[in-house]
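Enquirer: Right, I'll just put the structure down here and ask away after.
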Amino acid sequence: MTEYNNNQMEQFITGEPDSVSRLASHQDNPSLHGNYNQRHRAKAVVSTLLAFVLSTVLVLLTVLVIVQATLLNDQYMKTQVDKSNYVTLVKDEIDNSFISYGQSSGFEESFFSGKVTDLDLRQDLVSELNKLYNPNSSGANVDKFRTDIYVSMIDYAKAQGDEITPEVDEAVSYLADLCKETYRLEVTTPFTTQLYTALHKLQGLMIFGFIGIGLLFLVVIAFLLGVHKKKYRAVPYVSYSFLSAGLVLLVASLVVLFSNIIGRLGILNKPLYELVTTYIENIFVMTIWAAGFFIIFAILIAIIYLNTLRHRRRTR
């Protein structure tokens, strides 16, 4: 009797039927019970569709973030230069070319050893790569390199007791120009102007992409919360969204990395091949880390949600 009076008092204060009367009305009225089931199924369908849209939004948002952190980030490029051993590989190519020039010109193989240092070469390589992000970058100082190697060859010829005649000077100048051109070709990034234009346009589109995807994310979350009067019931669908987005990113990245698609790039220059493949592979490694974060986050949300439900049931 007391419980009945309490239910009546709750109904009077809130203006809503108590749980006992709602259950009784559903049992006494089959059509009302059927309508309740239909509404419940409709909510589930709508929530599932919104969860799918949210997972797609999360994938797109991840792609935007990774593009911003890699393709549009000059620091990422510099990091890949070191990871790919790019400087050493370029140095080996230059040294081999110089040695072949020297052998056909009377210079000993040891003469060209140390003419190209790792520090100077890395500085010139990075300066050239900076042109992808800043067209006003000075680039490699190939004229200084030409002057330095010309002076070295003249000094070497004098040390060997050779007289520097106009013919000798002309021959040395020709060899210095050849070394300069070889150095320039090795340190220069191909299609710099075209790549800068593409990256510059992409940077402009990224702003609209972040705004559009960000607004879509907020709209989907708002709709998902609006479908459920009890907001916590939207939590499982949010968890599904993060889980599915993480799995899509994980599977796609693993397929690309283990199918050797990247390794089949038709780049003939070995140093550039190593740089590009390392660059792309680390983008997908970063994607795997993002996927792992989404999956772990989804699992944590699910655990918290289930623990909350158990606590609610115990306290009833």
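The values are calculated or read from the model by the stated rules, or taken from the named source; none is laboratory data. Computed from a predicted model, the values in this text were never measured in an experiment. When we count neighbours, we look across all protein chains shown, and the Cβ atoms used for this are built from the backbone with ideal geometry, even at glycine.
Enquirer: Checking Glu181 against (1) closer than 30 Å to Asn130 by Cβ; (2) of a type in the set (Asp, Glu); (3) in contact (Cβ under 8 Å) with a residue 12 or more places away in the chain, which test does it fail?
Expert: (3)
Enquirer: Going through region 77-110 one residue at a time, which ones are in contact with a Lys or Arg (Cβ under 8 Å, 6 or more places away or on another chain), under 13 Å from Leu272 (Cα atoms) and of a type in the set (A, V, I, L, M, F, W, C)?
Expert: Correct list: Val81, Val87, Leu89.
Enquirer: Going residue by residue through region 122-140, is there one that turns out to be of a type in the set (Gly, Ala, Ser), under 31 Å from the mean Cα position of the chain (by Cα) and in a helix (DSSP H, G or I)?
Expert: Yes: one or more hits.
Enquirer: Quick check on region 153-187: of everything there that is of a type in the set (S, T, N, Q) and at pLDDT 90 or above, which residue is surrounded by the most Cβ atoms within 10 Å (Cβ to Cβ)?
Expert: This residue is Thr182.
Enquirer: List pairs: first in region 33-60 and among the β-branched types (Val, Ile, Thr), second surrounded by 15 or more Cβ atoms within 10 Å (Cβ to Cβ) and at pLDDT below 90, Cβ under 7 Å, 6+ apart or cross-chain?
Expert: Val46/Val227
Enquirer: A further question on this structure: Pick from Ser97, Ser105: which is assigned to a helix (DSSP H, G or I) and either surrounded by fewer than 19 Cβ atoms within 10 Å (Cβ to Cβ) or within 23 Å of the chain's Cα centre (by Cα) (or both)?
Expert: Going through Ser97, Ser105 in turn, the sole match is Ser97.
Enquirer: Also: Are any of the residues in region 67-89 within 30 Å of Ser244 (Cα to Cα) and of a type in the set (Val, Ile, Thr)?
Expert: Within region 67-89, one or more residues are within 30 Å of Ser244 (Cα to Cα) and of a type in the set (Val, Ile, Thr).
Enquirer: Just one of the numbered conditions (1) surrounded by fewer than 17 Cβ atoms within 10 Å (Cβ to Cβ); (2) over 19 Å from Leu199 (Cα atoms); (3) of a type outside the set (Phe, Trp, Tyr) is not true of Ala69; which one?
Expert: Going through the list (1) surrounded by fewer than 17 Cβ atoms within 10 Å (Cβ to Cβ); (2) over 19 Å from Leu199 (Cα atoms); (3) of a type outside the set (Phe, Trp, Tyr), Ala69 breaks only (2).
Enquirer: Just one of Leu61, Leu72, Leu54 is in contact with a helix residue (DSSP H, G or I) (Cβ under 8 Å, 6 or more places away or on another chain), outside any helix (DSSP H, G or I) and not β-branched (Val, Ile, Thr); which is it?
Expert: Testing whether each residue is in contact with a helix residue (DSSP H, G or I) (Cβ under 8 Å, 6 or more places away or on another chain), outside any helix (DSSP H, G or I) and not β-branched (Val, Ile, Thr) leaves just Leu72.
Enquirer: If you scan region 242-277, which residues turn out to be assigned to a helix (DSSP H, G or I) and polar (S, T, N, Q)?
Expert: Within region 242-277, Ser244, Ser253, Thr277 meet the criteria.
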